């Protein structure tokens, strides 16, 4: 291992907690499994458990674990500080966990298409992608919350983690739209890989954020 590589490894170890490092390692393994074994069927499943876009897959399992863990960390911070923002974070992260397991956004998009006028622009957008029909509006609301969080956060390290999480989550939306147009092509596999990895990374950044916040509260 050369000096540059050692420097990177040391910096990563100094930046992330052991829990976050474990999660990052899992994400790396999941990415490799998706890339090399996305078409391999095991354990009698109808779909590959290595394919990150399947509802019942290793990707979904660990995404739920990451989101659940971050939810508990946010709740712990709320219990100690009574900060409403931490309660909001816990609700958002729990919602992310439920959506990972139940694909709520897909069912909501189908519901919108059923109840709306079949000739309306709104339904046409819903057919294009859930991101267009309601994802952009949801993202705008969350962006306002993120900006408020950035303004109220004094620690530069905390701000960097929050910004990293926001960037990861924000990139998921255009990837969802453009990747969906490539469904059935080989390139779709790579869009899914990047999209799902970014989403998991965003959650891990929030895990690290609340680990640090809780550690600081215990010291105080």
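Summary of values
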{"quantity": "In the stretch 28-52, the residues that are within 27 Å of residue 89 (Cα to Cα) and buried (at least 19 other Cβ atoms within 10 Å of the Cβ)", "calculated": "30, 52"}
{"quantity": "Flag for residue 131 being modelled with pLDDT of 85 or more, in contact with a helix residue (DSSP H, G or I) (Cβ under 6 Å, 6 or more places away or on another chain) and buried (at least 16 other Cβ atoms within 10 Å of the Cβ)", "calculated": "no"}
{"quantity": "Only listed residue being under 18 Å from the mean Cα position of the chain (by Cα) and touching a residue at least 24 places away in the same chain (Cβ under 8 Å), chosen from 33, 72, 52, 21", "calculated": "52"}
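The values are calculated or read from the model by the stated rules, or taken from the named source; none is laboratory data. This one's a predicted model, so the numbers in the text were calculated from it and none came from an experiment. Positions of Cβ are generated from backbone atoms using ideal geometry, with glycine treated the same way; all protein chains shown enter the neighbour counts.
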